[in-house]
Amino acid sequence: MREFWNQKFEGDAYKYGEQPNAFLKQEAGRIRPHASVLVPGDGEGRNGVWLAEQGHQVWSVDCSDVGLAKAQDLARRRGVERQVQTRLADLTEWRPARQAFDAVVVCYLHLPSSQRPAVMANLLQALKPGGLLILEAFHPNQLGLTSGGPKDVDLLYTLQALRDDAIRSDVAGAELLGWEGEVDLDEGPFHQGRAQVTRWIWQAAG
């Protein structure tokens, strides 16, 4: 998997752009000021660096050292290198500390159904009381569209699957937002055009 993403992130261009995910930008006001934020699967850093620019302390985690190097470069160019810490890790093997983060931001982190529940449980357990998980991913209806994403339905997310993951995680909390539908993506060369996505915001009990 590391080699796959290293090859994908090769070169100077940012494959998903240098600007944050639109849903994250829309909903980031929910995160408390000066928060600790975990961004798993942050790739080339567009979301983590933007969150740092908003005044948060960010932990950007990815399996690609090429992606993380570009994230570090983007943070330097934006003047927030001290607010962004990077960690090279496979999320199926690495586990964040429990109740360590005010927010977890998950943008287009696609895992097979055999791995997703355990990883999601780890991410939910990493939230402090009252912490938020903000997620956007491709929905199974994305299959057949050309705007990006995996071509295997097992890697695509429904709201029900995420809700079931939350129940299995045994972490008390509540869904604040759940939505499935069509959006127009404009996120670098790899996310362009009409898309079918799942959006989910979940809050740990306070």
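All of the numbers you see were taken from the coordinates with simple rules; none came from a lab. Keep in mind that what you see is a predicted model, and the values were worked out from it rather than measured. Here the Cβ positions follow ideal geometry from the backbone for every residue, glycine too, while neighbour counts run over all protein chains shown.
So, in the stretch 162-179, of the ones that are loosely packed, with under 13 Cβ neighbours inside 10 Å and among the hydrophobic types (A, V, I, L, M, F, W, C), which residue ends up farthest from Asn122 (Cα to Cα)?
Residue satisfying both the conditions and the ranking: Ala174.
Yes or no: the stretch 142-151 includes at least one residue that is touching a residue at least 24 places away in the same chain (Cβ under 8 Å), surrounded by fewer than 19 Cβ atoms within 10 Å (Cβ to Cβ), over 20 Å from Lys8 (Cβ atoms) and not aliphatic (A, V, I, L, M). Break it down into steps so the answer makes sense when it comes.
In the first step, residues of the stretch 142-151 are kept if they are touching a residue at least 24 places away in the same chain (Cβ under 8 Å); the result is 142, 145-150.
Narrowing the set further to residues that are surrounded by fewer than 19 Cβ atoms within 10 Å (Cβ to Cβ) leaves 145-146, 150.
Those left that are additionally over 20 Å from Lys8 (Cβ atoms): none.
No - not one qualifying residue is present in the stretch 142-151.
Show the residue pairs meeting these rules: Cβ distance below 6 Å; 6+ apart or different chains; first residue within the stretch 100-124 and within 10 Å of Gly41 (Cβ to Cβ); second residue assigned to a loop (DSSP other than H, G, I, E, B).
The qualifying pairs are Cys107/Asn21; Leu109/Gly41; His110/Pro150; Val119/Leu91; Val119/Leu111.
Please work out which residue is surrounded by the most Cβ atoms within 10 Å (Cβ to Cβ), limiting yourself to the stretch 180-206 and to residues that are touching a strand residue (DSSP E or B) at 6+ places or on another chain (Cβ under 8 Å), farther than 16 Å from His139 by Cα and among the hydrophobic types (A, V, I, L, M, F, W, C).
The initial filter retains those residues of the stretch 180-206 that are touching a strand residue (DSSP E or B) at 6+ places or on another chain (Cβ under 8 Å), namely 180-186, 191-206.
Filter once more, so that each one left must be farther than 16 Å from His139 by Cα: 186, 202-206.
Imposing the further condition that a residue be among the hydrophobic types (A, V, I, L, M, F, W, C) reduces the set to 202, 204-205.
Values: Trp202: 26, Ala204: 23, Ala205: 11.
By that ranking, first place goes to Trp202.
Would it be correct to say that Thr146 is of a type in the set (S, T, N, Q), in a strand (DSSP E or B) and in contact with a strand residue (DSSP E or B) (Cβ under 7 Å, 6 or more places away or on another chain)?
Details: of a type in the set (S, T, N, Q): yes; in a strand (DSSP E or B): no; in contact with a strand residue (DSSP E or B) (Cβ under 7 Å, 6 or more places away or on another chain): yes.
No: the conditions fail for Thr146.
Give the residues of the stretch 66-98 that are in contact (Cβ under 8 Å) with a residue 60 or more places away in the chain and surrounded by 14 or more Cβ atoms within 10 Å (Cβ to Cβ), sorted by residue number.
Narrowing the stretch 66-98 to residues in contact (Cβ under 8 Å) with a residue 60 or more places away in the chain: 66-67, 70, 74, 90.
Selection gives Val66, Gly67, Lys70, Leu74.
Can you tell me how many residues within the stretch 48-65 are in contact (Cβ under 8 Å) with a residue 60 or more places away in the chain and either part of a helix (DSSP H, G or I) or crowded, with 23+ Cβ neighbours inside 10 Å (or both)? Let's see the steps before the verdict.
Narrowing the stretch 48-65 to residues in contact (Cβ under 8 Å) with a residue 60 or more places away in the chain: 63-65.
Now restrict to residues that are either part of a helix (DSSP H, G or I) or crowded, with 23+ Cβ neighbours inside 10 Å (or both): 64-65.
Qualifying residue count, the stretch 48-65: 2.
Can you tell me which residues in the stretch 125-138 are within 18 Å of Asp164 (Cβ to Cβ) and either free of Cβ contacts under 8 Å to residues at least 40 places away in the same chain or surrounded by fewer than 22 Cβ atoms within 10 Å (Cβ to Cβ) (or both)?
Passing the criteria: only Gln125.
Return the residues of the stretch 184-206 that are aliphatic (A, V, I, L, M) and either touching a helix residue (DSSP H, G or I) at 6+ places or on another chain (Cβ under 9 Å) or part of a strand (DSSP E or B) (or both); say none if nothing qualifies.
Let us first name the residues in the stretch 184-206 that are aliphatic (A, V, I, L, M), namely 185, 195, 197, 201, 204-205.
If the condition is that a residue be aliphatic (A, V, I, L, M) and either touching a helix residue (DSSP H, G or I) at 6+ places or on another chain (Cβ under 9 Å) or part of a strand (DSSP E or B) (or both), then Leu185, Ala195, Val197, Ile201, Ala204 are the ones that fit.
When residues of the stretch 32-44 are filtered for being within 16 Å of Val104 (Cβ to Cβ) and touching a helix residue (DSSP H, G or I) at 6+ places or on another chain (Cβ under 8 Å), how many remain? Spell out how you get there, then give the answer.
Taking the stretch 32-44 and keeping what is within 16 Å of Val104 (Cβ to Cβ), we get 32, 35-43.
In the following step, the residues that additionally are touching a helix residue (DSSP H, G or I) at 6+ places or on another chain (Cβ under 8 Å) were identified as 37-40, 42-43.
Looking only at that region, the number is 6.
May I ask you to list the residues in the stretch 111-129 that are touching a Phe, Trp or Tyr at 6+ places or on another chain (Cβ under 7 Å) and assigned to a loop (DSSP other than H, G, I, E, B)?
Correct list: Ala126 only.
Would you mind finding the one in Arg87, Arg82, Arg95, Arg76 that is in a loop (DSSP other than H, G, I, E, B) and charged (D, E, K, R)? So that I can check it myself, show each step before the final result.
Numbers: Arg87 fails: in a loop (DSSP other than H, G, I, E, B); Arg82 fails: in a loop (DSSP other than H, G, I, E, B); Arg76 fails: in a loop (DSSP other than H, G, I, E, B).
Going through Arg87, Arg82, Arg95, Arg76 in turn, just one is in a loop (DSSP other than H, G, I, E, B) and charged (D, E, K, R): Arg95.
Which numbered condition trips up Tyr14, out of (1) under 18 Å from Leu127 (Cα atoms); (2) touching a residue at least 12 places away in the same chain (Cβ under 8 Å)?
Result: Tyr14 passes all but (1).
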